[in-house]
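S.K.: What follows is a single structure, and I will ask about it in a moment.
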Amino acid sequence: MTTPFFEVSGLSKQFGGLAAVSDVSMTVGEGEIVGLIGPNGAGKTTLFNVITGVYKPKRGRILFRGFDIAGLKPEKICRMGIARTFQIVMPFQTLSVLKNTKVAAFCRTTSHEKATASAMEILRFLGLEERANTLAGHLTLAQKKRLEMARALATQPQFLLLDETLAGLNHTEIDAMIGVVQKIRAERGVTILAVEHVMRAVMKISDRVVVMDEGEKIAEGPPEEVVRDPEVIKAYLGDEYGNA
């Protein structure tokens, strides 16, 4: 039997009496882009936080390339090849774009020269090269979102978790960012799990979609099937989407 690239099994996390994640199981195959959707408060970001070591699960397993990473510290998980972005971008505002990215590159090297070279390569890849010496605090929201991606990619991940990368962007910026996500998979071979609310983006980039509601997984499958699921329409998409 082939070992899954990434697998969550029976994962649960509680805060007091609140079950933020309840018995969630899912897999992500190497090279896939999997969309993770659901209403606010469904447990999506909590799931990300448990996967990346911010929180320890109450129970369950998190297997990455066959290794159980549940409960490991975030820095250990990052060095193993898992990186993430955050919904609310918080770069080092008074540092340049290059230095922000270089900080993350030190995950893989202690050499300033190698870290600089790695950071610059990623900035070129994401179209931020001309902003390398700009202070992060002077960037637009769309540029800060790309910088957030740059910092994650600077750790050289095999598995990238994107948390609402499109939030707050306009139509043109969303289309551009969809292309970036597809490019990360196509040209860098990175597997992606993406929390997103912009459904046209979810439909375009996702090989599969996992749906959460009230801490539980309620559906999983190809995007065109998931959006027709009555339970998903009721919990998240709404009757108008179902009728459309």
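S.K.: Mind checking which residues of the range 129-149 are part of a loop (DSSP other than H, G, I, E, B) and surrounded by fewer than 20 Cβ atoms within 10 Å (Cβ to Cβ)?
M.R.: Of everything in the range 129-149, those that are part of a loop (DSSP other than H, G, I, E, B) and surrounded by fewer than 20 Cβ atoms within 10 Å (Cβ to Cβ) turn out to be ALA132, ASN133, THR134, THR140.
Residue-by-condition table, conditions (1) in contact with a Ser or Thr (Cβ under 8 Å, 6 or more places away or on another chain); (2) polar (S, T, N, Q):
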residue: LEU153; (1), (2): no, no
residue: LEU161; (1), (2): yes, no
residue: ALA176; (1), (2): no, no
residue: VAL180; (1), (2): no, no
residue: THR191; (1), (2): no, yes
residue: GLU196; (1), (2): yes, no
residue: MET212; (1), (2): no, no
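S.K.: For the range 119-147, what are the residues that are among the charged types (D, E, K, R) and more than 16 Å from ILE184 (Cβ to Cβ)? Talk me through it step by step, then tell me what you get.
M.R.: Of all residues in the range 119-147, those among the charged types (D, E, K, R) come to 121, 124, 129-131, 144-146.
Correct list: GLU129, GLU130, ARG131, LYS144.
S.K.: Would it be correct to say that MET199 is more than 30 Å from LYS76 (Cβ to Cβ), surrounded by fewer than 22 Cβ atoms within 10 Å (Cβ to Cβ) and touching a residue at least 24 places away in the same chain (Cβ under 8 Å)?
M.R.: yes
S.K.: Among the residues of the range 63-74, is there at least one that is touching a strand residue (DSSP E or B) at 6+ places or on another chain (Cβ under 6 Å), loosely packed, with under 14 Cβ neighbours inside 10 Å and at positive phi?
M.R.: Scanning the range 63-74 turns up no residue that is touching a strand residue (DSSP E or B) at 6+ places or on another chain (Cβ under 6 Å), loosely packed, with under 14 Cβ neighbours inside 10 Å and at positive phi.
S.K.: Further, regarding this structure: Return yes when LEU98 is at pLDDT 95 or above, outside any loop (DSSP other than H, G, I, E, B), in contact with an Asp or Glu (Cβ under 8 Å, 6 or more places away or on another chain) and buried (at least 17 other Cβ atoms within 10 Å of the Cβ) and no when it is not.
M.R.: Answer is no for this residue.
S.K.: Working only within the range 150-181, note down all residues that are farther than 22 Å from ARG108 by Cβ and either without any contact (Cβ under 8 Å) to a residue 24 or more places away in the chain or assigned to a loop (DSSP other than H, G, I, E, B) (or both).
M.R.: Once the filter is applied, which keeps residues that are farther than 22 Å from ARG108 by Cβ and either without any contact (Cβ under 8 Å) to a residue 24 or more places away in the chain or assigned to a loop (DSSP other than H, G, I, E, B) (or both), the range 150-181 yields GLU164, THR165, LEU166, ALA167, GLY168, LEU169, ASN170, HIS171, THR172, ASP175, GLY179.
S.K.: Looking at the range 15-59 only, could you name the residues that are surrounded by 15 or more Cβ atoms within 10 Å (Cβ to Cβ) and of a type in the set (S, T, N, Q)?
M.R.: Within the range 15-59, SER22, THR27, THR45, THR46, ASN49, THR52 meet the criteria.
S.K.: Among (1) aliphatic (A, V, I, L, M); (2) under 30 Å from VAL24 (Cα atoms); (3) part of a helix (DSSP H, G or I), there is one condition VAL103 misses while meeting the rest; what is its number?
M.R.: (2)
The values are calculated or read from the model by the stated rules, or taken from the named source; none is laboratory data. Remember, predicted model here, so these are calculated numbers, not experimental data. Note that we place each Cβ from the backbone using ideal geometry, even for glycine, and neighbour counts take in every protein chain shown.
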